[in-house]
Every structure is written in structure tokens, then in C-alpha cells.
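Below are the C-alpha cells for one structure; questions will follow.
Here, each number is a calculation from the coordinates, and none is a lab measurement. Only a predicted model underlies this, so the values are computations on that prediction, with no experimental measurement involved. Note that each Cβ is placed from the backbone with ideal geometry, even for glycine, and that neighbours are counted across all protein chains shown.
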Amino acid sequence: MSGSRLEIGDGSPESLIVEHATALFREFGYGKTNIGDIAQRVGMSSGNLYRYFRNKQAIGEEVVRWYLSESEAAVLAAIDAPGLDHEQKLRAVFHVGIGRLIEELRLNRRLVDLAEMIFEGDSGILRAHLDWKLGLFERLAREGVDCGAWHVTDTNAAAETLLDSTRGFWMPFALAQLDLDCVPARLDAVLDVIFAGYRSADRR
């Protein structure tokens with residue numbers, strides 16, 4: 001997991017700041033929220049808030065880190081369901097992970113603001129999450145090879161191809177341009193093609 005440094009809801013000042021900042025970002029957007037707004041919502045001075053976070057970007061990064069940690073936990077819980085094969089687990093990874101993004105965008109498209117900040121920055125949060133995702137894809141691809149259902153010689157390359165082919169679905173600012181009602185069907189169509197290729201790849 002990319003993980004979160006904070007346990008949201010533990011009552012610590014950092015946790016309260018992240019909780020209230022998340023509410024403000026959803027209400028007004030990341031760009032239109034300032035440190036003073038967050039401090040006022042938390043009930044502390046701006047100077048005191050700087051004791052916990054160096055700037056608004058650091059707060060935004062923690063909000064995203066917490067969101068991704070929660071998303072990763074939800075994905076792992078979904079694929080732990082009994083009786084799923086490797087392809088069903090992979091579909092669950094996509095439908096749970098991307099489903100959470102869709103739900104967030106339905107509630108408030110200001111999520112895009114925060115996503116753009118992370119993509120433009122160099123916090124390492126996105127890289128850690130992508131590495132986690134690639135590791136999970138590779139593990140499930142290996143399950144497919146081990147059971148004889150998938151015929152690929154390089155499961156790492158298969159995982160990278162799977163991520164590259166679906167990258168647009170994972171990007172909030174790209175996802176926001178689509179008809180959200182159609183996304184699950186479009187996603188399944190892409191996965192159908194990829195999985196069919198893996199089932200027939202390198203078969204003699």
C-alpha cells in the first residue's frame with residue numbers, strides 16, 4: 001500500500017486538519033481554499049496550523065494519501081472474497097478503485113482540482129500508488145499463468161500493459177470528461193480485449 005501517515009478520525013490535530021480540509025476542498029475546490037479557511041474551520045490560528053503542515057499543498061497531499069490508502073484497502077477487501085479467479089479479481093480491482101472515483105465525481109467534480117495538483121507536483125504519492133497497483137496486477141497475472149489460463153511469458157510486462165491500457169480511467173480529470181454512466185461498460189470492454197489477448201498469447 002502507498003499508505004497514509006495519519007489515522008483519520010483519531011482526534012489528533014493533523015487528523016482534524018485533514019478532515020476539515022477535505023470538506024473545504026469538496027465544497028469550494030482546492031484552488032479556492034486557503035490556509036486561513038482551513039484554520040478557521042478547525043478552530044485554530046493559521047500560525048498554529050503551520051506547526052502541523054508546512055503549507056496548503058502538504059495538506060492536499062495528505063488528503064490524497066489518505067484517499068488512496070482507503071481505496072487500496074477497499075480493493076484488497078474486494079479481491080479477498082472467496083471463489084474469485086484471477087480475472088474476476090482483476091475486474092474487482094478496477095470496478096472498486098474506479099468506482100470510488102466515479103462516486104466522488106458524482107458527488108463533487110472539484111476532486112479534479114486536487115488530482116491536478118498531485119499530477120503536477122513531485123510528492124511521490126502518485127508513483128507509490130502506481131507501484132502498488134502494478135505489483136497487484138503482476139501478482140494476479142502470475143495467478144493466471146500458474147493456473148494455466150493465461151499464456152504470457154512476462155507477467156511484469158503484462159501488468160504494465162494493463163495499466164497503460166486503462167490509465168485514462170484512473171485519472172479523475174480524464175474520467176470527468178466521460179459519461180460516468182457508460183464508464184463501467186466501456187471499462188469491461190477494454191478488459192475483455194486485454195484478457196482475451198492474455199489467454200491466447202504465446203500459445204502454440
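Convert 4 °C to kelvin, take the viscosity as 1.567 mPa s, use the Kirkwood radius over C-alpha pairs of the chain as Rh, and evaluate the Stokes-Einstein diffusion coefficient in µm²/s, rounded to a whole number.
Translational D for this selection: 70 µm²/s.
At 0.36 nm per residue, minus the direct Cα-Cα distance, what do Glu160 and Leu180 gain on full extension? Give it in nm, one decimal, please. Don't skip to the answer; put the middle values down first.
Working: separation 20, 0.36 × 20 = 7.20 nm, distance 2.49 nm.
Net length gain for the segment: 4.7 nm.
Is there a quick way to get the dipole size of the stretch 57-200? I mean about its Cα centre, with the Cβ of Lys and Arg at +1 and of Asp and Glu at -1; what is the value in debye to the nearest 20?
180
Same structure, new question: For the stretch 1-110, state which trypsin sites (Lys or Arg not before Pro) are in a DSSP loop and have at most 11 other beta carbons lying within 10 Å of their beta carbon. Write down the numbers at each step before the final one.
Values: sites: Arg5, Arg26, Lys32, Arg41, Arg51, Arg54, Lys56, Arg65, Lys89, Arg91, Arg100, Arg106, Arg109, Arg110; in loops: Arg5, Lys32, Arg51, Arg54, Arg109, Arg110.
Taking the stretch 1-110 and a limit of 11 other Cβ atoms within 10 Å, the loop trypsin sites (Lys or Arg not before Pro) found are Arg5, Arg51, Arg54.
Starting from the alpha-carbon convex hull of the stretch 97-148, give the projected area averaged over all orientations, in nm².
4.5
Got the relative contact order for the stretch 1-116 handy, in percent, Cα pairs under 8 Å and 6 or more residues apart?
Relative CO of the stretch 1-116 lands at 33 percent.
Could you list the GluC sites (Glu not before Pro) in the stretch 3-78 that lie in coil according to DSSP, counting only those with at most 15 other Cβ atoms within 10 Å of their Cβ?
Glu7
What is the list of residues in the stretch 94-120 whose amide nitrogen lies under 18 Å from a point 7 angstrom out from the Cα of Leu134, following Cα to Cβ?
Hits in the stretch 94-120 for Leu134 at 18 Å: 119.
Put a dot 7 Å past each Cα toward the Cβ at Ala196 and Ala81; how far apart are the dots in nm?
With each label point 7 Å from Cα toward Cβ, the separation is 2.5 nm.
Evaluate the relative contact order of the stretch 57-200 (contact order divided by residue number), counting alpha-carbon pairs under 8 angstrom at least 6 apart; express in whole percent.
On the way: 102 pairs, mean separation 38.3, N = 144.
Once divided by the residue count of the stretch 57-200, the mean separation gives 27 percent.
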